[in-house]
Amino acid sequence: MSIINPNGKDIFSVSTDFCGQPLTLEVNRVGFRTTATVLVKYGDTVVLGTTQIGSRPIQLDYFPLSVDYEEKMYAAGKISGSRFIKREGRPSDEAILIGRIIDRPIRPLFPKGYRQEVQVVSSVLSMDPEFRPDMIAMIAASSALSLSGAPFDGPVAGLRVGRVNGEFKAFLTAEEREQSDLDLVVAGIERGITMVEAGANEVDEEVIIEAMAWAHKAMQPAIALQKELVEKVAPVAQEYELVLPNEAIQKEVDEWVKGKLGDKLRKAYPERNEMINELRWAFHEQMAEKVGEEYAEQRDEYDEAFTMALHKDVRRGIVEDGLRPDGRKLDEIRPLSSEVGLLPRAHGSSLFTRGVTQGMNIVTLAPLSYSQIVDTMEVSDGERRYMHHYNAPGYTVGEVRRLGSPGRREIGHGYLAERALIPVLPTEEEFPYAIRSVTEIMSQNGSTSMAATCSSCLALMDAGVPLTRPVSGIAMGLMMDGDKPLVLSDIADAEDFAGDMDFKVTGTEKGITAVQMDMKLHGLSVDVLAEAIRQSTPGRAHILQHMVSVLAAPRAELSPYAPRIEKIKINPEKIGAVIGKGGETINKITSETGAEIDIKDDGLITVASANAESIQKALDWIKSLTEEPEVGKIYEGTVVSIKDFGAFVNIFPGTDGMVHISKLSDQRVEKVTDVLKEGQKVRVKLMEIDDRGRLSLSIKDAK
């Protein structure tokens, strides 16, 4: 069967071996009206990558690039588990996070001042259940961009790397991901790494460094294949104009800022921020007076030049004098202060302040039944027991901004802080609670995600959650002076805006739990990134020491306002006895005791209530339904049947045992009815369970 192509172009593909399987890029089969379309195949996974370039520049002061990752339930042969919504709608948090992972290594590879509207979409059409499709989606996005003719300095490839039995591996199966102590995503171009993100179970820094080097080498075939495709297609380069400040204006503004200030900008925050605001207004007043009536049309250009001059001043101070905008040394941490237990009715609360950055965290505990159900293309009916949510309204940066639902940044920051704490959380068996941690950012001046991590750790300990070890986080920066890297500890906003890298790392005294690294340069070597990772360790330890000085360990007691939860483990085969026909039994237990009951498939049952008596009553009821007979244990039983040779006694629902006539008394018994009658309550001891499961009881040995 032939495929009709209205553009008259031949369908063709290129392939290579990639991590043990063929990787294929195909063009001209679908997407005839897009700027560029590529079908990427790897195993049974098929991803459609599309790029659409706007026809004219957009009058904005930023690059209007949108990168989206689309989950399609049909790709996994599924229909959504939601009772009410069956078609794909708003992307899941997981899809948003993957979209961010694809976006972050791509965005810096466009020239500064590029204002053409660019939309990149990766849609998963078929999903091989053996591995996650996100890195194939990144290759699809990069391939489509590479064929669009846009000034994209790619191609980009990425790998999600784990470590199983001490060996690095990409495209792990679900079982291997469970065994792995590392979940590392590395993206890069041929000459360097452009993005890193990781979750880890307290892994050593050197392991992260080795894994980054391994991943960058392993992704090269995918980069080379995209280059081969570009050579065959030979896309026409698109014409564009960069929107940059006029060179004459930029020079004039640079001289004005340098002449006015010199070293006066080396001020502590927030004094420096206030000084810059006053300086900006004074600058515009002087320029308006100097330029005249034309200044109204040029004001935005002058303002952008002023911001650029400030960035140059930040770099100059660091590179030439080793002095940061607020006067700190390169490895110096801003002043720290924290408190816990500040909200009386919250189950746990904290306030973490680092310089002008401040995060308040509130922890709420609930029964496991309050865990979030996760229903995505990859996961069905999974549960998210620990949830970290992050909020940062406009007032935290001194702006008037409409309140609304969380954006991609808020979701990403919350996920990073959540990932940082997961490795030190107790198991469900140890602490049978669902946990919601909410960070309310109070003030922003750099690295609020790390403030969220530190404040959430303190609030969790204040709530009495038995963390194995406390976790701290730090944001590192980088400025390249030629080939010489200058690494900055605990970066603030000015250094982030003017710098070449933003690197966040969290961990315990034992090792790293999460990493997020974004480059503004077109690729960095592993050696430079390794230096940043190693320098982060003492800074992270300094912050951790401060946190421990505020609260050394999780509180021994929960808040009096937190629900009390007890747990019991039963034989999974007896879950049906607790639930009953149509839920009749469990509904009766909850209605009569007032307790909330949650049952897991492995037999773990949790009972929650503010009333200890309700919990105990429900536990006793469940035990009576599920208890396993134990040899040597004494039971209160009821005589249910009398025979010539003995009596049958019910020791708990559904479980009877036989008392032989010889075991009724220390004295000789002629007839069983001489000492027992049906319905009589007796104490019996379980003497033996034979190979057929029959119980041998004794009354005389129960005395």
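The values are calculated or read from the model by the stated rules, or taken from the named source; none is laboratory data. All figures in this text were calculated on a predicted structure; none of them were measured in a lab. Positions of Cβ are backbone-derived with ideal geometry, glycine not excepted, and every protein chain shown enters the neighbour counts.
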Inset, instruction - Go through Val257, Val253, Val236, Val243 for me and flag whichever is β-branched (Val, Ile, Thr) and farther than 29 Å from Pro325 by Cβ. - result: Val236
Inset, instruction - Confirm whether Glu429 is surrounded by fewer than 17 Cβ atoms within 10 Å (Cβ to Cβ), part of a loop (DSSP other than H, G, I, E, B) and not assigned by TED's automatic domain parsing to the domain that holds Asp68. - result: yes
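Would you point out the residue of segment 45-68, among those that are more than 18 Å from Pro151 (Cβ to Cβ) and surrounded by 17 or more Cβ atoms within 10 Å (Cβ to Cβ), that is nearest to the chain's Cα centre (by Cα)? Walk me through how you get there before you give the answer.
First pass over segment 45-68, keeping only residues more than 18 Å from Pro151 (Cβ to Cβ): 45-50, 59, 61, 68.
After this cut, where a residue has to be surrounded by 17 or more Cβ atoms within 10 Å (Cβ to Cβ) as well, the list is 45-50, 68.
On the way: Thr45: 24, Val46: 25, Val47: 23, Leu48: 25, Gly49: 25, Thr50: 27, Asp68: 18 Å.
Out of the qualifying residues, it is Asp68.
Have a look at Ile599, Ile642, Ile575, Ile634 and point out the one that is surrounded by fewer than 19 Cβ atoms within 10 Å (Cβ to Cβ), in contact with a Ser or Thr (Cβ under 7 Å, 6 or more places away or on another chain) and modelled with pLDDT of 90 or more.
Details: Ile599 fails: in contact with a Ser or Thr (Cβ under 7 Å, 6 or more places away or on another chain); Ile575 fails: in contact with a Ser or Thr (Cβ under 7 Å, 6 or more places away or on another chain); Ile634 fails: in contact with a Ser or Thr (Cβ under 7 Å, 6 or more places away or on another chain).
After applying the criteria, what remains is Ile642.
With touching a helix residue (DSSP H, G or I) at 6+ places or on another chain (Cβ under 7 Å), surrounded by 14 or more Cβ atoms within 10 Å (Cβ to Cβ) and farther than 19 Å from Lys703 by Cα as the only criterion, which of Lys685, Lys617, Lys663 stands out? Full working, then the answer.
Numbers: Lys685 fails: farther than 19 Å from Lys703 by Cα; Lys663 fails: farther than 19 Å from Lys703 by Cα.
Being touching a helix residue (DSSP H, G or I) at 6+ places or on another chain (Cβ under 7 Å), surrounded by 14 or more Cβ atoms within 10 Å (Cβ to Cβ) and farther than 19 Å from Lys703 by Cα holds for just one of Lys685, Lys617, Lys663, which is Lys617.
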Legend entry - Subset of segment 376-410 that is more than 16 Å from the chain's Cα centre (by Cα) and within 30 Å of Lys567 (Cβ to Cβ) - its residue that is surrounded by the fewest Cβ atoms within 10 Å (Cβ to Cβ): Asp381
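Per-residue answers, yes or no, for (1) among the polar types (S, T, N, Q); (2) assigned by TED's automatic domain parsing to the domain that holds Trp214; (3) free of Cβ contacts under 8 Å to residues at least 12 places away in the same chain:
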| residue | (1), (2), (3) |
| --- | --- |
| Phe84 | no, yes, yes |
| Ala95 | no, yes, no |
| Phe110 | no, yes, no |
| Gln116 | yes, yes, no |
| Ser122 | yes, yes, no |
| Met127 | no, yes, no |
| Ala140 | no, yes, no |
| Leu147 | no, yes, no |
| Leu159 | no, yes, no |
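Among the residues of segment 336-357, count how many are over 20 Å from Ala562 (Cβ atoms) and assigned to a strand (DSSP E or B). Spell out the reasoning first.
Applying the first criterion (over 20 Å from Ala562 (Cβ atoms)) to segment 336-357 yields 336-338, 352-357.
Applying the additional criterion that residues be assigned to a strand (DSSP E or B) yields 336-338, 352-354, 357.
The number of residues fulfilling the criteria is 7.
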Inset, instruction - Would you check if there is a residue in segment 55-71 being modelled with pLDDT under 85 and either in contact with a Pro (Cβ under 7 Å, 6 or more places away or on another chain) or more than 30 Å from Asp300 (Cα to Cα) (or both)? - result: yes
Legend entry - Of all residues in segment 399-425 being touching a residue at least 12 places away in the same chain (Cβ under 8 Å) and among the small types (Gly, Ala, Ser), the one that is farthest from Arg469 (Cα to Cα): Gly412
Inset, instruction - Can you tell me which residue among Ile318, Ile362, Ile333 is over 30 Å from Glu71 (Cβ atoms) and in a helix (DSSP H, G or I)? - result: Ile318
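Residue-wise test of (1) part of a strand (DSSP E or B); (2) free of Cβ contacts under 8 Å to residues at least 40 places away in the same chain.
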{"residue": "Thr16", "(1), (2)": "yes, no"}
{"residue": "Thr24", "(1), (2)": "yes, yes"}
{"residue": "Val30", "(1), (2)": "no, yes"}
{"residue": "Val47", "(1), (2)": "yes, no"}
{"residue": "Gln52", "(1), (2)": "yes, no"}
Inset, instruction - Would you be able to say whether some residue in segment 1-14 is surrounded by fewer than 13 Cβ atoms within 10 Å (Cβ to Cβ), in contact (Cβ under 8 Å) with a residue 12 or more places away in the chain and part of a strand (DSSP E or B)? - result: no
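Report whether or not Ala514 is touching a strand residue (DSSP E or B) at 6+ places or on another chain (Cβ under 8 Å), without any contact (Cβ under 8 Å) to a residue 40 or more places away in the chain, outside any helix (DSSP H, G or I) and over 30 Å from Leu625 (Cβ atoms). Steps first, please.
On the way: touching a strand residue (DSSP E or B) at 6+ places or on another chain (Cβ under 8 Å): yes; without any contact (Cβ under 8 Å) to a residue 40 or more places away in the chain: no; outside any helix (DSSP H, G or I): yes; over 30 Å from Leu625 (Cβ atoms): yes.
Answer is no for this residue.
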Inset, instruction - Kindly provide the set of residues from segment 208-225 that are farther than 30 Å from Asn28 by Cβ and either in contact with a helix residue (DSSP H, G or I) (Cβ under 6 Å, 6 or more places away or on another chain) or buried (at least 18 other Cβ atoms within 10 Å of the Cβ) (or both), ordered by number. - result: Ile208, Ile209, Ala211, Met212, Ala213, Trp214, Ala215, His216
Inset, instruction - Return yes when Lys267 is out of contact with any Phe, Trp or Tyr (no Cβ under 8 Å at 6 or more places or on another chain), at pLDDT 90 or above and not acidic (Asp, Glu) and no when it is not. - result: no
Inset, instruction - Please list, ordered by first then second residue, the pairs with beta carbon atoms under 8 Å, 6 or more apart or interchain, first in segment 241-256 and within 16 Å of Arg115 (Cβ to Cβ) and without any contact (Cβ under 8 Å) to a residue 60 or more places away in the chain, second hydrophobic (A, V, I, L, M, F, W, C) and part of a helix (DSSP H, G or I). - result: Asn246/Ala305
Inset, instruction - Answer yes or no as to whether Lys41 is more than 36 Å from the chain's Cα centre (by Cα) and either assigned to a loop (DSSP other than H, G, I, E, B) or over 30 Å from Asp300 (Cβ atoms) (or both). - result: no
Inset, instruction - Tell me which of these Lys504 doesn't satisfy, since it passes every other one: (1) surrounded by 17 or more Cβ atoms within 10 Å (Cβ to Cβ); (2) over 23 Å from the mean Cα position of the chain (by Cα); (3) of a type in the set (D, E, K, R). - result: (2)
Inset, instruction - Only strands (runs of 3 or more DSSP E) wholly contained in segment 76-192 count here; list those with 2 or more residues that are within 22 Å of Met517 (Cα to Cα) and within 18 Å of the chain's Cα centre (by Cα). - result: 157-164, 182-189
Legend entry - One residue from Glu274, Glu228, Glu289, Glu285 being assigned by TED's automatic domain parsing to the domain that holds Ile193, in a helix (DSSP H, G or I) and exposed (fewer than 15 other Cβ atoms within 10 Å of the Cβ): Glu228
